[in-house]
1. Net charge near residue 165: determine it from the other residues with C-beta under 13 Å of the C-beta of residue 165, scoring Lys and Arg +1 and Asp and Glu -1.
2. Hey, how many Å between the Cα centroid of the stretch 48-111 and the Cα centroid of the stretch 169-230?
3. Sorted from largest down, give the three principal axis spans of the alpha carbons of the stretch 208-250, whole angstrom values.
4. Quick one: dipole size for the chain, taken about the Cα centre, charges +1 on Lys/Arg Cβ and -1 on Asp/Glu Cβ, in debye to the nearest 20.
5. Give me the log10 of I(q) over I(0) for the stretch 390-508 at q = 0.15, 0.16, 0.17, 0.19 Å⁻¹, as the Debye formula computes it from C-alpha points; what are the numbers?
6. Expressed in whole Å with the largest first, what are the equivalent ellipsoid semi-axes of the stretch 1-100 derived from the C-alpha gyration tensor as the square root of 5 times each eigenvalue?
7. Taking amide H positions as placed in the peptide plane 1.01 Å from N, state which residues far from residue 285 in sequence (5 or more) or on other chains have amide H under 5 Å from it.
8. Give me, ordered by chain and number, the residues 5 or more places off residue 305 or on other chains with an amide H under 5 Å from its own placed amide H.
Amino acid sequence: MLSRICSAALNGIDAYPIEVEVNAGYGDTLVVIVGLPDAAVKESRDRVSTALTNSGYKFPMGRTTINLAPADVKKEGPSFDLPIAIGMLAASEQIETDQLDNFVITGELALTGAVRPGKGILPMALHAKADGKTGMLVPEENAAEAAVVSGLQVIPVQNLREAAQFLEGEIKIAPAKVDIAKLFEYENDDDCDFAEVKGQENVKRALEIAAAGGHNVLLIGPPGTGKSMLAKRLATILPPLTLDEALETTKIHSIVGLLKSGQALVTQRPFRSPHHTASDAGLLGGNINPTPGEISLAHHGVLFLDELPEFKRSVLETMRQPLEEGVVTISRAAGTMTFPSQFMLVAAMNPTPDGKMPGESRSSPREIQNYLGRISGPLLDRVDLHVEVPQVKFREISGDKTGEASAQIRLRVMAARQRQQKRFAHKPKITCNARLGPRELKVFCALDDLTKELLKNAMAELNFSARAYDRILKVARTIADLAGSENIQSEHVSEAVQYRSLDRQLWT
């Protein structure tokens with residue numbers, strides 16, 4: 001007898017349908033899996049056969065052929081265990097049900113018959129809904145993740161017997177439900193707040209501008225000035241994720257397996273901080289079968305690169321395209337994958353090899369030049385704000401005065417983002433000022449004659465590139481939004497220019 005089970009597999013951050021066909025025939029007892037299975041899928045024969053026996057079912061006698069369609073796409077991972085087991089039970093007539101076409105089934109089986117959690121459940125749930133399925137059978141630990149997809153009946157199952165009895169109608173299982181509004185209730189980490197940072201008001205101002213417009217930032221200063229401390233607190237002033245952003249971010253974390261058991265959504269903006277020994281594949285993604293790297297895991301969040309010159313130059317140069325386009329495309333023999341990577345880059349570095357400012361450093365000019373030369377000009381041009389982080393004065397460290405709390409700064413950032421959302425309402429691909437294209441710059445960043453002359457003189461004196469000109473306009477637009485101004489004024493451009501001048505002082 002032949003049975004068909006609906007399942008799904010991953011392609012990048014999206015899922016596509018897989019039909020598991022199981023045919024129980026005559027002959028010697030043998031299980032054959034076809035359809036380009038990898039080693040993990042081939043091993044499912046042993047897991048499924050043992051799970052069937054330990055769940056109280058009979059292993060089908062004769063030749064059992066399992067086809068995973070489409071047959072020209074490689075199938076990976078153990079998530080086909082449960083659909084294969086259900087298919088074998090239906091093909092051997094140990095269960096009778098008319099529900100197989102209505103549900104997408106996924107899950108790994110333990111030898112006891114228990115269903116173990118898997119990766120990529122959210123993309124599969126989104127596919128199941130788009131494909132018009134009634135519901136989805138998922139491991140219990142993944143139920144909350146799938147339940148964020150409205151209009152889909154998500155059935156959490158603990159073991160093989162429970163899944164079979166539900167499909168036969170012998171038992172009823174309540175569909176999993178989540179309160180999405182409650183998931184988005186913001187909870188700030190009391191151990192991480194801008195109020196704890198003494199002094200550094202100019203750096204806080206720059207980070208507020210960066211958060212308001214989604215701009216990239218480079219913090220330059222001696223060791224111990226608080227660069228890492230400030231960068232880690234940037235996440236506390238970013239605006240909350242929208243539902244669409246949360247779904248896209250959760251899909252990436254789900255396929256990598258970073259969601260905790262029972263976690264439904266990633267509701268806080270990611271903050272990723274890879275070590276400077278990270279490889280190209282670790283940062284961009286890749287390996288034999290392309291998977292997301294750190295820049296995709298930081299999608300809609302922050303990528304913090306501490307000790308920037310210590311990263312391999314080849315690794316840093318690979319970020320130029322993702323910084324510009326917001327996506328990363330990886331080509332391998334297994335295929336080409338495109339992952340989203342709209343992140344804020346926050347980098348920190350010392351001005352010289354020994355950490356002191358150039359006038360105070362004991363390093364030779366050649367050593368300083370070689371140190372700074374690890375960061376290319378094109379990469380610097382893609383960073384909107386270059387900020388000096390000076391030593392904190394003793395009276396500021398020892399004083400009782402605390403800084404402004406993250407919650408207060410966050411309100412101003414959210415107000416500026418709301419102005420941008422209203423401005424770009426007819427351009428859904430532009431989410432913040434940092435994503436403005438050349439055409440939008442002319443429309444939304446128009447300058448009067450006096451401000452144009454000011455910017456012209458700054459460009460000539462500091463020898464800015466054309467890309468730096470665009471960055472200055474974007475930052476000025478954000479400063480105007482923070483000030484509640486519809487038009488960009490000369491003071492907004494002046495402040496934006498000063499965030500581009502530090503790199504010229506050091507790199508020339």
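1. Details: positive: 161, 172; negative: 96, 162, 168, 170.
Here the charged neighbours net out to -2.
2. 44
3. Cα spread of the stretch 208-250 along its principal axes, largest to smallest: 40, 19, 14 Å.
4. 1100
5. Listed by q, the Debye log ratios stand at -0.79, -0.87, -0.93, -1.05.
6. Numbers: eigenvalues 94, 40, 33 Å².
Calculated on Cα positions only, the semi-axes equal 22, 14, 13 Å.
7. Correct list: 293, 294.
8. 346, 347, 348
The values are calculated or read from the model by the stated rules, or taken from the named source; none is laboratory data. Predicted model, so just to flag it, every value in this text is computed and none were measured. Methodologically, a virtual Cβ is constructed for each residue, glycine included, from the backbone with ideal geometry; neighbour enumeration extends over all protein chains shown. Calculation scope for accessible area: heavy atoms of the full protein, side chains included, ligands and nucleic acids excluded. Shrake-Rupley method; radii C 1.70, N 1.55, O 1.52, S 1.80 Å.
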